[in-house]
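The values are calculated or read from the model by the stated rules, or taken from the named source; none is laboratory data. What you see is a predicted model, and the numbers here were worked out from it, not measured in a lab. When we count neighbours, we look across all protein chains shown, and the Cβ atoms used for this are built from the backbone with ideal geometry, even at glycine. Ligands, DNA and RNA are excluded from the accessible area calculation, which covers all protein heavy atoms including side chains. Shrake-Rupley method; radii C 1.70, N 1.55, O 1.52, S 1.80 Å.
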Amino acid sequence: MTRFYNHFIKAIVIGTVIYFIFLAIYFFTGRFDEGFDYQIAWTEYYKNMIFALILYMVNAYWIEHLVTVYKHDLFTLKRFAIGITGNILISILGIFLSRIVLVVVLEKKPLMEFLANENLGYYQLSLIIAICISLMFYAVWYYKYRQENKVKEQKIIAGTASAKFDALKNQLDPHFLFNSLNVLTSLIEEDPDQAQKFTTSLSKVYRYVLEQKNKDLVSVDEEFQFAKTYVKLLKMRFEDSIHFDIPDNSSNPEAKIVPLSLQLLLENAVKHNVVTSARPLHIKVYEEGDMLVVDNNIQEKQVVKKSSGVGLRNIQQRYDILTNRQVEITKSPNEFRVKLPMLTKQVTIMETQQTYIDDKRYEKAKEHVERLKGFYGNLMAYCIVIPCLAILNYNTTSFPWIIFPTIGWGFGVIVHGMEVFGYNPLWGKSWEERKIRKYMDDENF
């Protein structure tokens, strides 16, 4: 019922506004030169309200039905044409019902006499008004649709990168645990005492994994220390079959890499290569410019499970989110090498943010220019078409119907201009941005 009452009040307001527009037309065309009759004015007012209420209601519920059925697809050309056609037919029916109420019910004329005297002339003006009101409905719904899309788009942009990054980080936990348990399983069969020590060390290493995996970046020095701890864990199984060369500290204390990237590369090296005392695996970590290089000799296992590719792909995807710099992977017959970009707060992150800001500003400026072009095109069409229609009205009839497209289209041009230039006469220029921010912060929206 609340919706009905809202429509009822709006119908009264619109009907009253239309009535006073007609009064103004009659005043300026000299219809009141012989005096103003209040009784006639009141009679015309309630007649006008009958038309306004019925036409508003049928069109409002028809458009709500379209929005419910088609949702956002309503604004395709085909469905919009269906909607307008429906509005015209429903408006004709609404005018017919209004005239029945007015002539048959209130004026007590017989129904058959009413039907015999009906002609299309009674419908023209009311139909034009009804179509104008319907177009205003569509404009309001479309504006609301665009605002909802803006909010959803901003929430998607804000949430996608975060969700993707969280998903990538969450891969590290099961990936590390699965590989470590594989090592432990092998070690239990070969050396139970070492397996016990491995389990104790594994708990310490796994604690670091849990602490670091939720960070976006960690210092290179932290990764160096963890890599050394992890290699000690591997040496419990492979003993002197692994030779690991790594600096004690980075040349740049501010340098950062994605967490656990060294551990993932060490895992892959052990997983895909033969590691024996006769054929030891040599892993070397060193800096090359602003890249951290990890390379190992290649001595591929003859029988190896098909790689899932989680490790390297995870590192690449996390870097893709954080920076434009790429992870470099090269493979030769004797060597496998991975270069990880070392990121710094002063250089990489700020440059990436500035590039992102510049790109967003360019996109926003381009969109604004497109909106300006659309507005000026609309304004130019208005200035050309309305005078032509005025001339046509002057040469064909004494009734000033030109006032309807002038006011209706003019109102549309004004609203278009306020939207383009970001001005709202009731809530101020920043109202839209405040509402968007409010809905973006609302988790239930």
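A few notes on this one:
- Tally, over segment 192-209, of residues that are within 40 Å of the chain's Cα centre (by Cα) and either under 11 Å from Pro259 (Cβ atoms) or modelled with pLDDT of 80 or more (or both): 2
- Close contacts from segment 215-234, counting a first residue that is part of a strand (DSSP E or B) and a second that is surrounded by 18 or more Cβ atoms within 10 Å (Cβ to Cβ), with Cβ to Cβ under 8 Å and a gap of 6+ residues or different chains, come to Val218/Gln212; Val218/Lys256; Val218/Ile257; Val218/Val258; Val218/Pro259; Ser219/Ser250; Ser219/Ala255; Ser219/Lys256.
- Some residue of segment 117-127 being modelled with pLDDT of 80 or more, exposed (fewer than 15 other Cβ atoms within 10 Å of the Cβ), in a helix (DSSP H, G or I) and under 52 Å from the mean Cα position of the chain (by Cα): no
- Counted residues, segment 334-352 - those being open to solvent by less than 100 Å² (accessible area, probe 1.4 Å) and at pLDDT below 50: 4
- Check on Phe32, at pLDDT below 70, over 42 Å from the mean Cα position of the chain (by Cα) and open to solvent by 80 Å² or more (accessible area, probe 1.4 Å): no
- Qualifying residue in segment 302-321 (condition: of a type in the set (A, V, I, L, M), in a strand (DSSP E or B) and modelled with pLDDT of 80 or more): no
- Considering residues of segment 240-281 that are of a type in the set (D, E, K, R) and in contact with a helix residue (DSSP H, G or I) (Cβ under 9 Å, 6 or more places away or on another chain) only, the residue farthest from Ala195 (Cα to Cα): Glu254
- Hey, Tyr56 of a type in the set (Phe, Trp, Tyr), open to solvent by less than 50 Å² (accessible area, probe 1.4 Å) and under 18 Å from Ile129 (Cα atoms) or not: yes
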